[in-house]
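Novice: Provided herewith is a single structure, encoded as structure tokens, for subsequent inquiry.
The values are calculated or read from the model by the stated rules, or taken from the named source; none is laboratory data. Just so it is clear, the model here is predicted, and its values are computed rather than measured. Backbone-built Cβ (ideal geometry, glycine too); neighbour counts: all protein chains shown. These area figures cover heavy atoms from the full protein model, side chains too; ligands, DNA and RNA do not enter into them. Shrake-Rupley method; radii C 1.70, N 1.55, O 1.52, S 1.80 Å.
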Amino acid sequence: MSALEHPGLVFRSLDPLDGDEALLKGWYEATRRGFHQSRGNDDGIEVWRDHTRSDSVTLLGAWAESSEFSSATIPVATFSSWTSPVNVGGGASLPTLLISDVTVSPTHRRQGLLRKLMTVSLADAVAAGVPLAALTVSEGSIYGRFGFGTATHLRQVEVDVTAKFRYRPEVPEDDGSVTLVEPADAWKTVAEIYGTFQERTRGSVTRPQFYEPWLSSAYDFGGDSKGESKQRAVLHLDASGTPDGYAIYKTADERNDAGLRMARVVDLVALTPAAYLRLWRFLADIDLVERVGWHRAPVHDPLYWALAEPFAVKSAELDDMLWMRVLDVPASLQARPWYATGEVVIGVDDPLGHAAGAWRVAVRDGVAEVTPTDAAPTVELSADTLGALYLGGVDVRTLAAAGRITGSPEAIETWAAMADGGPLPYCITGF
């Protein structure tokens with residue numbers, strides 16, 4: 001923390017296991033204020049503390065020096081982080097610094113506090129050998145300057161589940177079954193299914209501890225109280241009776257803008273296409289429901305293509321989800337999958353220095369060897385563009401067309417052939 005200095009402020013790192021209780025509660029209150037939430041209560045603090053302890057969260061903050069009109073416990077800036085695996089494709093996962101709870105009080109904006117906290121945290125991650133960083137954002141223009149690029153997307157959908165909802169005749173009958181389970185009883189199975197999904201899915205993030213009280217309905221994050229009374233859970237079982245999918249959803253008092261009765265998907269994970277479509281069939285069969293909404297549907301959604309009336313699926317919005325930042329170029333690029341033999345020298349412009357330089361990327365048999373080089377780059381890009389490309393959520397040609405990758409047409413085509421391919425990354429875990 002010695003690198004953090006600012007006139008009139010005191011920077012602190014709080015220990016979730018053995019920190020000053022007043023400062024910890026003040027830090028929690030500052031994040032709630034920053035994200036326009038109601039004041040916290042004991043139940044909410046308990047859930048938050050369980051997360052910070054279980055996930056070994058680092059809590060940074062800046063407090064105004066004591067005065068008659070400043071709080072001694074509530075900081076004017078907050079920043080949390082912890083290290084957790086992210087699936088980078090090809091069956092590989094890498095430890096990643098996950099960044100969350102970034103707030104700066106309106107009284108201290110445009111004073112460089114976010115830059116100070118971010119710079120120190122990324123430098124600490126590099127020193128610890130963490131090759132990647134990731135975050136989810138509420139304002140897209142802020143984090144590119146720190147080397148983060150939009151790496152995954154989600155689609156918000158609203159599905160007409162009246163008579164329009166019927167599958168095409170080619171869709172096979174599901175030989176499994178669905179069963180309703182209380183969310184608390186379903187949690188162990190839900191966690192196991194997600195764990196398998198995590199291992200299989202490029203771009204997926206290991207879930208923080210707070211997903212347990214949320215999805216098990218032990219805590220109502222919307223109402224800030226123990227017990228979420230509106231959530232329901234359904235499991236899909238394959239033909240052998242093994243769980244291979246689930247949906248957590250709400251129906252009570254839900255209506256869309258047109259006043260139509262809604263069910264809203266909270267979380268849905270399926271390990272097979274059959275389980276995915278059967279869970280949607282279940283949602284469509286809920287009585288007194290005309291529309292089903294989901295904010296985390298895949299961009300390439302098989303539901304649209306399985307329906308006889310595809311216009312029953314309306315896409316409300318395309319959202320960014322995971323933003324990635326490469327800290328260790330060789331470790332990161334060598335871990336991800338590659339799709340064609342070739343060689344390029346990429347030049348990375350990184351104002352923070354972590355990914356900066358020229359790097360020779362040589363791919364043989366789907367494996368990359370990445371080394372620093374003094375050779376002139378054949379392809380040039382910024383650190384945030386490298387982050388956007390890293391998981392394969394956008395292709396090289398698209399970013400070249402946007403002016404974010406430069407080089408000769410031949411070099412860009414070689415880079416595209418090497419880098420582009422495989423399934424789109426899919427992340428449904430916010431943090």
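Novice: Using the Cα centre of the range 1-46 as origin and beta-carbon charges of +1 (Lys, Arg) and -1 (Asp, Glu), tell me which of 35, 13, 3 is placed farthest towards the positive end of the dipole.
Specialist: 35
Novice: Next question, about the same structure. Given 361, 80, 154, which one lies farthest toward the positive end of the charge dipole of the chain, if we put +1 on the Cβ of every Lys and Arg and -1 on the Cβ of every Asp and Glu?
Specialist: The residue sitting farthest along the positive end of the dipole is 154.
Novice: Okay, next question. Mind putting a number on the dipole of the range 334-384 about its Cα centre? Charges go on the C-beta only, +1 for Lys and Arg and -1 for Asp and Glu, and I need it in Debye to the nearest 20.
Specialist: Details: 3 positive and 8 negative charges, 38 e Å.
With only Lys, Arg, Asp and Glu charged at Cβ, the dipole is about 180 debye.
Novice: Could you run the Karplus curve 6.51 cos²θ - 1.76 cosθ + 1.60 with θ = phi - 60° over the range 244-251 and give me ³J(HN,Hα) per residue in whole Hz, x for Gly and Pro?
Specialist: 9, x, 7, 9, 9, 8, 10, 10
Novice: Let me ask you something else. Could you tell me which residue out of 204, 274, 251 lies farthest along the dipole of the chain toward its positive end? Charges go on the beta carbon: Lys and Arg +1, Asp and Glu -1, centred on the Cα centre.
Specialist: Projecting each Cα onto the dipole axis, the largest value belongs to 251.
Novice: Hey, another quick one. Which percent of the accessible area of the chain is formed by carbon and sulfur heavy atoms (probe 1.4 angstrom)?
Specialist: Details: 9730 of 19470 Å².
Using a 1.4 Å probe with all protein chains present, the chain comes out at 50 percent carbon and sulfur.
Novice: If I take every Cα pair under 8 Å that is 6 or more residues apart in the chain, average their sequence separation and divide by the length, what percent do I get for the relative contact order?
Specialist: Values: 933 pairs, mean separation 78.3, N = 431.
18 percent.
Novice: Test of understanding: in a Gaussian network model of the chain with alpha carbons linked when under 10 Å, which of 238, 395, 365 would top the mean-square fluctuation ranking?
Specialist: 365
Novice: If you don't mind, another one. Given the rule -39500 (n - 2.57) for each run of at least 4 DSSP H residues, summed and divided by the residues of the chain, what is its mean residue ellipticity at 222 nm, to the nearest 500 deg cm²/dmol?
Specialist: Computed mean residue ellipticity for the chain: -8000 deg cm²/dmol.
Novice: So what's the net charge close to residue 79: Lys and Arg +1, Asp and Glu -1, counting the other residues with Cβ under 14 Å from its Cβ? Let's see the in-between values first.
Specialist: On the way: positive: 12, 115, 116; negative: 101, 124.
Charge balance in the 14 Å sphere: +1.
Novice: Right, something else. Cα gyration tensor of the range 296-339, axes a ≥ b ≥ c as square roots of the eigenvalues: rounded (a/c below 1.5), prolate (a/b > b/c) or oblate?
Specialist: Values: a/c = 6.65, a/b = 2.42, b/c = 2.74.
Because a/c hits 1.5 or more and a/b fails to exceed b/c, the range 296-339 counts as oblate.
Novice: For residue 357, what charge total do you get from the other residues with a beta carbon under 14 Å from its beta carbon, if Lys and Arg give +1 and Asp and Glu give -1? Before the final figure, lay out the partial values.
Specialist: On the way: positive: 360; negative: 328, 349, 350, 374, 380.
So the surrounding residues net to -4.
Novice: Starting from the amide H of residue 316, placed 1.01 Å from N in the peptide plane, find each other amide H under 5 Å away whose residue is 5 or more places distant or on another chain.
Specialist: Those qualifying (amide H under 5 Å, at least 5 residues apart or on another chain) are 156, 157, 158.
Novice: Let me spell out the model: positive unit charges on the Cβ of Lys and Arg, negative unit charges on the Cβ of Asp and Glu, origin at the Cα centre of the chain. What dipole size does that give, in debye rounded to 20? Could you put the intermediate results ahead of the total?
Specialist: Working: 38 positive and 57 negative charges, 121 e Å.
That gives a dipole near 580 debye.
Novice: Rounded to the nearest 0.05, what FRET efficiency is calculated for residue 371 and residue 413 with R0 set to 35 Å and r the Cβ-Cβ distance? Can you show the working numbers first?
Specialist: Working: r = 22 Å, r/R0 = 0.64.
Step by step, r from the Cβ atoms, then E = 0.95.
Novice: Sticking with this structure for a sec: So what are the ³J(HN,Hα) numbers for the range 236-242, from phi and the Karplus equation (6.51, -1.76, 1.60; θ = phi - 60°), rounded to whole Hz, Gly and Pro as x?
Specialist: Result, ordered by residue: 9, 10, 6, 4, 8, x, 8 Hz.
Novice: Given q = 0.10, 0.12 Å⁻¹, what are the Debye log10 I(q)/I(0) values for the range 1-151, with equal point scatterers placed on the Cα positions and solvent ignored?
Specialist: -0.36, -0.52
Novice: Output the antiparallel fraction of DSSP beta bridges having both residues in the range 286-431, as a percent to the nearest 5. List each step's numbers first, then the result.
Specialist: Working: 16 of 20 bridges.
Taking every DSSP beta bridge with both residues in the range 286-431, the antiparallel ones total about 80 percent.
Novice: Amide H neighbours of residue 59 under 5 Å, at least 5 residues apart or on other chains, H built in the peptide plane: list them.
Specialist: Here 14 satisfy the definition.
Novice: Next question. Quick one: what are the phi-derived ³J(HN,Hα) couplings along the range 347-358, Karplus 6.51/-1.76/1.60 with θ = phi - 60°, whole Hz, x for glycine and proline?
Specialist: My calculation for the range 347-358 gives x, 10, 8, 9, x, 7, x, 5, 10, 5, x, 9 Hz in order.
Novice: If you don't mind, there's one more thing I want to ask. If I build a Gaussian network model for the chain, linking alpha-carbon pairs within less than 10 angstrom, which residue out of 80, 67, 93 has the largest mean-square fluctuation?
Specialist: Comparing 80, 67, 93 in the GNM, the peak value goes to 67.
Novice: About its Cα centre, what dipole magnitude does the range 283-431 give when the only charges are +1 on Lys and Arg Cβ and -1 on Asp and Glu Cβ, stated in debye to the nearest 20? Walk me through the numbers before you get to the answer.
Specialist: Details: 9 positive and 21 negative charges, 26 e Å.
Approximately 120 debye in magnitude.
Novice: What distance in nm lies between label points placed 7 Å from Cα along the C-beta direction at residue 320 and residue 209?
Specialist: The answer from the label model is 3.0 nm.
Novice: With the other protein chains left in place, how much accessible area per residue, in square angstrom, belongs to the chain at a 1.4 angstrom probe?
Specialist: On the way: 19470 Å² over 431 residues.
Accessible surface, normalised per residue, equals 45 Å².
Novice: Okay, moving on. Among 89, 112, 44, which one shows the biggest mean-square fluctuation in a GNM of the chain, springs joining Cα atoms closer than 10 Å?
Specialist: 112
Novice: If amide hydrogens are placed 1.01 Å from N in the peptide plane, which non-local residues have theirs closer than 5 Å to the one on residue 102?
Specialist: So residue 102 has HN proximity to 80.
Novice: Mind running the shape call on the chain? Use the C-alpha gyration tensor, a ≥ b ≥ c as the square roots of the eigenvalues: rounded below 1.5 for a/c, prolate if a/b tops b/c, oblate otherwise. All intermediate terms of the calculation are to be shown ahead of the outcome.
Specialist: On the way: a/c = 1.99, a/b = 1.11, b/c = 1.79.
Since a/c reaches 1.5 but b/c is at least a/b, the shape of the chain is classed as oblate.
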